[in-house]
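Comments concern the structure below.
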Amino acid sequence: MKFNFSLNYSFLIFLILSVSNSFAAIIPNRVSDTTAVDSVKTDTIINENQDVVMFWSKKNSLGVNLNEVAFVNWNAGGNNSISALFHGNFERKFKKQLLLWKTTASLKYGINAQQGREFRKTDDEISLNSTYGYRKDSTSNFRYSAKFNFKTQLANGYKYPNNEKAISKLMAPGYIFLGVGAEYSAPNEDLTVYLSPVTDKSTFVLDQRLANEGMFGVTPAVRDSIGTIIEKGENVRTEIGILLTSGFSKEIFTNVKMDNQFSFYTDYLNKFGNIDVDWELTLNLVVNDFVKANIGAHLIYDDDVKFKEDTNDDGVLETLGPKLQFKQLLGVGVIYEF
């Protein structure tokens, strides 16, 4: 598998780590009743009993899922292979009186190596979500909220076995959702529902070759009769529409936790009522503090994403219509939480 990293990759990784470190830097450590509190302004308050109340909370996890198959004199045949999925999740939450600001970042990268074949990418995702909400009183379960979501990938993607021509790259595509609306949170925070009647969806295709081909819904290049480009394809597509998202997380059995996330989006101006769907369901099974298993499914439908396939074996990819995208996951691995 080829990795065509550039300064853009390094900059994006540096940016994400900087954000995480910045959050960590402003989160004070809990101190005991006898510890003196510095006069410098911090995100804490002290009550009459000198207890320190924390406004910031954090969750971090790093892990790897492994799958390996090896054969020695195996009569039925088969190829040795190993797969690895590296993942990290980071959360920062600020909660003070009627305000709640929650930011999460997620990184995933998976590879597969098989005997007699080069490395291949199996998963690749960079995701950042941030929600800022305000509720009118301490008993209300509704918040006026603003939500930001960013998603892209790290390395080039290929339609294997062709590994010469990338079909996706860093920020090709990249997605940004930005909107305002209202969010309902159940008292125990197992369930959240967010509705935004005004949400901007921006699709970025910063690789000009892919933009010229009109990949991921952007307007393709204008060509003359012999194929010469007269006007380059657009790099950014902007839509305004309605966004509905929901998240549900609960321990349904002992050591079995279900996480269900979905989002529905439709554009006001372009095919209103044609809904983009992003739905992910995961079951996390806890073996002990470090070993966990997970089973998951991820379904995506986006009417703007047209699939290409060589239907007549002439070496040229023909543009087809949108298709349902589906990914299934099963893994056992080691997770470190801090």
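The values are calculated or read from the model by the stated rules, or taken from the named source; none is laboratory data. Predicted model, so just to flag it, every value in this text is computed and none were measured. When we count neighbours, we look across all protein chains shown, and the Cβ atoms used for this are built from the backbone with ideal geometry, even at glycine.
Looking only at residues that are over 15 Å from VAL291 (Cα atoms) and hydrophobic (A, V, I, L, M, F, W, C) in region 56-83, which one is nearest to the chain's Cα centre (by Cα)? Within region 56-83, the match that is nearest to the chain's Cα centre (by Cα) is TRP56.
Scanning region 139-161 for residues that are touching a Leu at 6+ places or on another chain (Cβ under 7 Å) and surrounded by fewer than 16 Cβ atoms within 10 Å (Cβ to Cβ) yields a single hit, PHE148. Scanning region 284-305 for residues that are over 20 Å from GLN325 (Cα atoms) and either of a type in the set (A, V, I, L, M) or not in a strand (DSSP E or B) (or both) yields LEU285, VAL286, VAL287, ASN288, ASP289, PHE290, VAL291, ALA293.
Taken over region 214-233, the residue count meeting the criterion of being at negative phi and in contact (Cβ under 8 Å) with a residue 24 or more places away in the chain is 3.
Going by the conditions given, is GLU164 loosely packed, with under 15 Cβ neighbours inside 10 Å and without any contact (Cβ under 8 Å) to a residue 40 or more places away in the chain? Judged against the criteria, GLU164 is a match. Across region 44-69, the qualifying residues are those that are farther than 17 Å from ILE111 by Cα and of a type in the set (A, V, I, L, M, F, W, C), and the one among them that is modelled with the highest pLDDT is TRP56. When the strands (runs of 3 or more DSSP E) confined to region 144-234 are screened for residues that are touching a helix residue (DSSP H, G or I) at 6+ places or on another chain (Cβ under 6 Å) and aliphatic (A, V, I, L, M), none reaches at least 1 such residues.
A quick yes/no check of all residues on (1) among the acidic types (Asp, Glu); (2) surrounded by fewer than 16 Cβ atoms within 10 Å (Cβ to Cβ):
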{"residue": "ASP276", "(1), (2)": "yes, no"}
{"residue": "LYS292", "(1), (2)": "no, no"}
{"residue": "HIS298", "(1), (2)": "no, no"}
{"residue": "LYS308", "(1), (2)": "no, yes"}
{"residue": "LEU329", "(1), (2)": "no, no"}
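Taken over region 95-126, the criterion of being under 18 Å from TYR194 (Cβ atoms) and either within 21 Å of the chain's Cα centre (by Cα) or not basic (Lys, Arg) (or both) is satisfied by LEU98, LEU99, LEU100, TRP101, LYS102, THR103, THR104, SER106. Between a first residue in region 309-323 that is within 13 Å of ASN162 (Cβ to Cβ) and a second residue that is modelled with pLDDT of 70 or more and part of a strand (DSSP E or B), which pairs have beta carbons less than 6 Å apart while being 6 or more apart in sequence or on different chains? Pairs that qualify, where the first residue is within 13 Å of ASN162 (Cβ to Cβ) and the partner is modelled with pLDDT of 70 or more and part of a strand (DSSP E or B), are LEU317/LYS308. Checking the conditions here, which among ARG223, ARG237 is at pLDDT 90 or above, exposed (fewer than 15 other Cβ atoms within 10 Å of the Cβ) and over 27 Å from TRP101 (Cα atoms)? The unique qualifying residue is ARG223.
Here is the figure for region 237-257: residues that are free of Cβ contacts under 8 Å to residues at least 24 places away in the same chain and in contact with an Asp or Glu (Cβ under 9 Å, 6 or more places away or on another chain) total 0. Tallying residues that are within 14 Å of LYS102 (Cβ to Cβ) and either surrounded by fewer than 18 Cβ atoms within 10 Å (Cβ to Cβ) or under 24 Å from the mean Cα position of the chain (by Cα) (or both) within region 128-138 yields 7.
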